[in-house]
Structure formats: structure tokens, C-alpha cells
Amino acid sequence: MDKAAIIDDVDSSNKTRNPWRLCSVTQVEEVKLVLRLIPIWLTCLMFTVVQAQIHTYFTKQGGTLIHTLGSKFQFPPASLQGLVGVTILFVVPIYDRVFVPLARKFTGHPNGITVLQRIGVGLFLSILTMVVSALVEMKRVNVAKNHGLIDDQSAILPMYIWWLLPQYMITGISDAFTIVGLQEIFYDQMPDGLRSLGAAAYISIVGVGSFVSNIIIEVVEAISSKAGEKWLGDNINRAHLDDYYWVMAVLSAVNLGVYIWIAKCFEYKKVDGDERSNQEGSSYNRYRSRV
């Protein structure tokens, strides 16, 4: 790409500059910045695939469990999604006030860890989300079998919905790492004139991740149907949802490995050290002000 900024014989003989043949060094460097962020964007799609389970299978699991407070009050299982936001509200200030100063003593980095390391921690926690979800689903299915309710799709199992709280809370913690980290990197590492595009890029991961989730479900259903039994059928008690969660955990682990390799090769935008520190240090303040 550096050749795009080199003036050759054709360019020197022309009175006007052809922007399709000759670019400024600044333009070339800005394109490099954008291209460096594309692999990061791609490797974070799997994270949002895991997050998409909150609105689908997590809620469907909750609908089969006891979701009452007291003797009469029933709350919708989908309301547990609010726990993710509450967890983020607690984790972000703890991260800023406790984790960063503590980590800074060991790493010497002004933010404790780099923004790519922060995203990586969130990706690891998304694997943990799927592992915990698979274990809880195994417990739920065993309860259905032991009480002879495996074929009753409308039955409420003698198991409380609070069993799902860990997977919701881990999801919130992973959000506080990865989503905030993506906001930081797509704002700070974008060219100044394209920062609005950077904001749109990190938000678009959520939408694209939902489509990828649908694709994975279709592939899993197609493969499992050929193997003999459809995993994700209408009856959630026989849907092998725990196996699906294990598949998601494996895919997330492979994705994390690819992300680590890409992160090691990533080159940050070349700015002065003080400016870099100010940019990274202000990321939490930007997030907190938006919240």
C-alpha cells in the first residue's frame, strides 16, 4: 500500500494528480488503520453470538422453571435480561477504581491492561458463560427426567429460575470487558475523520452476530438431523440444548485462539505517549457519561 504514495513517471508527467493513482502518505496510513481493525471486528462476532443466547434460549430455559416471588407474584423470565445491565453498572466502576490501579502495579500500563487484553478477557468469559449454561441445562434436563416431565413442553419443572443467574451475571461481566473495549479501540484507533464510522462498526457487531447465531443454529440442526435426532427441536427438554452450548463453547475457544494471534500482530496508532495515555484513560469516562 505504500506504493500508492510514490510518484512514478506517469504521475510526474501529469499536471493534475489522479487520486486513483496517487495518494498522500496520510491517506495511506488511514487506510492501514481501518484495515487493521477488520480482523478484530471479525473475531469479536463469536462473542455477540454468545450474547444472542440471552434473548433466545436463556429466556426459553427460564420459561420452564419456577419464576415466582412469594405465593402469587409471577415475573416474566425475559426480565432477567435486566440483570446483565445491572451487572455492568456495578462492574465498570469496580474495574476502573479497583482493578486498574491494582493491575497497573504489575503491568506498568496506565490502564492496567491494554484495550486488546480487555477484549480478550471478555472473550474468555463468554466461553465460561457457555460452559456454565451447559452445566445448568444438564441439571434442568435431569430434573425433567426424574419427575417424568421430559415430554411435557408446558410443564413448570420443580427447579427455580435462580439457577440461571450465574450465566446472566457472567454475561454482564464479559460485556463490561469486551463491549467497552470495542468502543475504546474503534474510537481511538480509527482515523480522526472516521471515528463516527468506528462507532457504527462496533455497534454493528451486535447485529451481525445475531445473523451468525442463526446460521450456526441452522448448521447444527442440519448436522444433528442427519445424525439421527434434531438437537434444537420444539421440545426444549429433548432439544439437547446442553450439547449446543458445548459446541458454542468450543467455537468460542477456537475464536479466542485466533483473536490472541491477531492481537499479538496488531499495531496501535502511532501517537505521542502522553496523548495515547490520555486517549485510553478517557475511555471509561466516555462510557460512563453515555450510560
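Annotations for the structure displayed:
- Applied to the stretch 194-202, the Karplus parametrisation 6.51 cos²θ - 1.76 cosθ + 1.60 on θ = phi - 60° returns per-residue 3J(HN,Hα) values of 10, 5, 5, 5, x, 4, 5, 5, 6 Hz, with x for Gly and Pro.
- Label zone at GLN153, where the point sits 7 Å out along the Cα-to-Cβ direction: the stretch 240-270 residues whose backbone N lies under 16 Å: 240-241
- Fewest-first ordering of LEU69, LEU37, LEU89 by other beta carbons within 10 Å of each residue's beta carbon gives LEU69, LEU89, LEU37.
- A simple rule links phi to the HN-Hα coupling: the Karplus curve 6.51 cos²θ - 1.76 cosθ + 1.60 with θ = phi - 60°, which for the stretch 250-260 gives 5, 4, 5, 5, 4, 4, 5, x, 5, 4, 4 Hz, with x for Gly and Pro.
- Each of LYS32, LYS145, LYS230 was scored by other Cβ atoms within 10 Å of its Cβ. Arranged with the fewest first, they read LYS145, LYS32, LYS230.
Throughout, read-outs are computed from the coordinates displayed, never taken from laboratory work. Source: prediction; values computed, not measured. Note that we place each Cβ from the backbone using ideal geometry, even for glycine, and neighbour counts take in every protein chain shown.
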